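Read the figures in this text as sums done on the coordinates, not as results from a lab. Please read these numbers as outputs of a predicted model, since none were measured by experiment. Cβ: placed from backbone, ideal geometry, glycine included. Neighbour counts: every protein chain shown.
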Amino acid sequence: MSANRSFTRKQFTNGGGPSNMMQRAAKAVTDALPKDHGFALMVFPLDSRDGGLRYVANASRESVLKLLKEFVEKQQGSPTVSDADKVVESAKSLLKDVTPEKRMDLLSEMFSGYCQACGGTDSPCHCMNDD
Ligand SMILES: [Zn+2]
């Protein structure tokens, strides 16, 4: 994730006053953080029913969206992609130490319940059917 220390007005222009507010907030956050830290600041009126969310960050939109997704998943208690990656990494490490026969049994058990063509959970899965 690359931090962009120079804020252009274009990055968070949303019109007159609020835009100026976001620029001042972005500068204040930037000044308060160590140079190698990123931020994403979301600002909204507390009494608004229709949102009014404004957003400013010093990282790419793609990076912020990825972080937000991970944040939401963590807050909701669902496993994150990185959690699943860790499980696979751990499982692969453990599989090194078993016999080939045991490894095949374990892999077969691992694939059980998933379509090996598309990864879906439908049983039987029709992803390979042309009709
Ligand atoms: Zn399938």
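At an R0 of 25 angstrom, the distance between the Cβ atoms of Cys118 and Leu65 translates into a FRET efficiency of 0.45.
Checking the a/c ratio against 1.5 first, then a/b against b/c, what shape does the Cα gyration tensor give for segment 9-75? Oblate shape, in that a/c is at least 1.5 and b/c is the bigger or equal ratio.
Label positions at Ala84 and His126, each projected 7 Å from the Cα along the C-beta direction, are separated by 2.5 nm. Just so you know, the Cα atoms of segment 48-120 work out to an Rg and Dmax of 19.3, 62 Å.
What the Cβ-Cβ distance of Met110 and Tyr55 gives, at R0 = 30 Å and to the nearest 0.05, is a FRET efficiency of 0.15. Overall dimensions of segment 81-131, expressed as equivalent-ellipsoid semi-axes from the Cα gyration tensor (√(5λ), whole Å, largest first), are 26, 15, 7.
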